[in-house]
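The values are calculated or read from the model by the stated rules, or taken from the named source; none is laboratory data. This one's a predicted model, so the numbers in the text were calculated from it and none came from an experiment. Heads up, the Cβs are rebuilt from the backbone with ideal geometry, glycines too, and the neighbour counts pull from every protein chain shown. Ligands, DNA and RNA are excluded from the accessible area calculation, which covers all protein heavy atoms including side chains. Shrake-Rupley method; radii C 1.70, N 1.55, O 1.52, S 1.80 Å.
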Amino acid sequence: MSLQLNKIKSRIKTVKGAYKVTSAMKLVSTARLSKYKNKMLANKEYQSYLDEITKVVLANGKKIDSPFLKENLETHKNLYIIVSSTLGLCGSYNNNIFRVADCKIQKEDDAILLGGKALSYFKNGEFTKIDNFNDYHSINDESIIRLLVTFIQDQYLKGEYKEVHIIYTEYKNSLVFLAKDSLLLPLKIEGEKEDFPPILEPSREVLVETLTPLYAKASIYAKLLESEVCEQAARRNAMENATDNAEEILKDLQIEFNKARQTAITQEITEIVSAANAI
């Protein structure tokens, strides 16, 4: 019986260790989620103003022949940016992204893999992988993001790609987020023509030339930030579930331990009484 008690004690000790780890990671993920969520909400306000201004400029006046607004028809190759996590323990976050990517990317396409999990998963992928941005880990790598935006815009202006897509995770709420394929370039911006067009200074052409690359850059950053929020939310949910499961296991083990200890005590008393009667 003492052997059984020691075995249960050992299991309780192991589960308690796991409980401490998952609880700590839950707290860290919760703090990071709050930080990046506030950052995302602030950026969404900026993005909404930029959307509004860009739509007004493009909708009013003659059609502008901007390279960011038209598809490159001389090539059939697309560029895909796949945003995954570098760390694990975030549930099905990465698997959902990989499922979308497997359905979308063709052999002739190029891909930029952001995050260690994507680099590992697509290590033997048949499409061409661009290795310039393998050091990306999170939204805090601002220098890499700037280089990424510049690279995408330059390659698209050179006519290297028909379209540029980003496969990321769209945030709905802290429990619901969906892997999604979003078109980055060419820009698809539709606005309603106003009866009384606004006065555009210095000119509509200059504004379009300035706004279209800025809009593309802001869109990429917004989606990377949204993916970061979803990653932290997925990790917090996974750690919360793991912590709750550890608590349930500890309760069951404690009950099992108490039963085993009571059985051992009863057996000892029975043996003592039997020995006394025998004397």
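Observations
- Leu73 being among the aliphatic types (A, V, I, L, M) and in a helix (DSSP H, G or I): no
- Just one of the listed residues (Lys20, Lys35, Lys44) is farther than 21 Å from Ala218 by Cα, open to solvent by 60 Å² or more (accessible area, probe 1.4 Å) and of a type outside the set (A, V, I, L, M, F, W, C), and it is Lys20.
- Being among the polar types (S, T, N, Q), at pLDDT below 90 and surrounded by 14 or more Cβ atoms within 10 Å (Cβ to Cβ) is a description that does not apply to Asn78.
Here's the yes/no breakdown for (1) among the acidic types (Asp, Glu); (2) under 24 Å from Leu50 (Cβ atoms):
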| site | (1), (2) |
| --- | --- |
| Asn94 | no, no |
| Arg99 | no, no |
| Asp102 | yes, no |
| Ala111 | no, no |
| Leu147 | no, yes |
| Thr150 | no, yes |
| Leu157 | no, yes |
| Tyr161 | no, yes |
| Lys180 | no, yes |
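- Residue match in segment 126-134 (condition: of a type in the set (Lys, Arg) and touching a strand residue (DSSP E or B) at 6+ places or on another chain (Cβ under 7 Å)): yes
- Taking each residue of segment 221-241 that is in contact (Cβ under 8 Å) with a residue 40 or more places away in the chain and in a helix (DSSP H, G or I) and looking for partners that are basic (Lys, Arg) and surrounded by fewer than 23 Cβ atoms within 10 Å (Cβ to Cβ) with beta-carbon atoms closer than 7 Å, six or more apart or interchain, yields Leu225/Lys39; Val229/Lys37; Gln232/Arg32; Arg236/Lys26; Met239/Lys26; Glu240/Lys26.
- Residue pairs meeting the criteria (Cβ under 6 Å; at least 6 apart or on separate chains; first in contact (Cβ under 8 Å) with a residue 12 or more places away in the chain and within 14 Å of Leu5 (Cα to Cα), in segment 258-273; second assigned to a helix (DSSP H, G or I) and open to solvent by less than 70 Å² (accessible area, probe 1.4 Å)): Ala260/Leu5
- Unmet requirement for Leu3, which otherwise passes all of (1) in contact (Cβ under 8 Å) with a residue 60 or more places away in the chain; (2) open to solvent by 90 Å² or more (accessible area, probe 1.4 Å): (1)
- Of the strands (runs of 3 or more DSSP E) that lie entirely inside segment 108-180, those containing 2 or more residues that are not aliphatic (A, V, I, L, M) span 128-130, 164-171.
- Restricting segment 136-184 to residues that are among the aliphatic types (A, V, I, L, M) and under 15 Å from the mean Cα position of the chain (by Cα), the residue that is surrounded by the fewest Cβ atoms within 10 Å (Cβ to Cβ): Leu175
- Residue among Glu190, Glu205, Glu209 that is of a type outside the set (Lys, Arg), on the phi < 0 side of the Ramachandran plot and outside any helix (DSSP H, G or I): Glu190
- Glu228 open to solvent by 40 Å² or more (accessible area, probe 1.4 Å) and either in contact with a helix residue (DSSP H, G or I) (Cβ under 8 Å, 6 or more places away or on another chain) or over 30 Å from Arg146 (Cβ atoms) (or both): no
- Checked against the criterion of being touching a Gly at 6+ places or on another chain (Cβ under 8 Å), open to solvent by less than 30 Å² (accessible area, probe 1.4 Å) and modelled with pLDDT of 90 or more, the candidates Arg204, Arg235 yield just one match: Arg235.
- Count of residues meeting criterion [over 12 Å from the mean Cα position of the chain (by Cα) and open to solvent by 80 Å² or more (accessible area, probe 1.4 Å)] in segment 90-119: 7
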